[in-house]
Amino acid sequence: IEGAYNQAISAGFEGIMIKDATMPYQAGKRSQGWLKYKPPRVNLDVVILSGKYGDGKRANVFGTFGIGVKDGAGYYPVGQVGTGFSDDDFIRLTNDLKQNVERFEQDTFHFLPRIVIEVTCDLISQDVDGNYGLRFPRCLRIREDKYAADIDTLERLKEMA
């Protein structure tokens, strides 16, 4: 299993599936006989850099947020997150972020980096152009105890990748 796992990760896959050979296949259903084996999750403190209004019940609040890590005197974008927030979180973040709008471009609000959140993700990836990003980020909590100057850095992100 460990060899198959290492080979899959090296090939760029998220992990492997392990199946109990005695259990029948059940199409379209999650089965007790299948197990996803993925790398341990990565936790980072990031700052919210941008936001977009959501759809449906999130139409009146920011539903996704562009996030970044510290890079020298600026911030390096590492992806977007829209999961892990409660309805109250979306309302609170929308109200707070509206006070920090720096500019608006193509349906995206760009904010001054003031609000820190802790996210977890499956892994840190790098594209063919060398840009780093987070795979499947999810918000764990809003960090009222941290300032933007205290978040994780691009250097740490590269070390973790």
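Computed from the coordinates by the stated procedures, all read-outs in this text should not be read as laboratory data. Small disclaimer: the values here were computed from a predicted structure and weren't measured. Backbone-built Cβ (ideal geometry, glycine too); neighbour counts: all protein chains shown.
Counting only trypsin sites (Lys or Arg not before Pro) that DSSP places in a loop and that have at most 12 other Cβ atoms within 10 Å, the longest clean stretch of the chain runs over 31-161.
What FRET efficiency do you get for A8 and D96 if R0 is 35 Å and r is their Cβ-Cβ distance, rounded to the nearest 0.05?
Efficiency for this residue pair is about 0.30.
Using the beta-carbon distance between R103 and V128 and R0 = 30 Å, what value does 1/(1 + (r/R0)^6) give for FRET efficiency, to the nearest 0.05? Working from the Cβ atoms, E equals 0.55.
Taking 0.36 nm per residue of separation and subtracting the current Cα-Cα distance, fully stretching the chain between H110 and R41 would add 22.0 nm.
Between V128, V61, V101, the GNM of the chain built on Cα springs shorter than 10 angstrom shows V128 fluctuating the most. The equivalent ellipsoid of the range 71-156 has semi-axes of 21, 16, 14 Å, largest first, where each one is the square root of 5 times an eigenvalue of the Cα gyration tensor.
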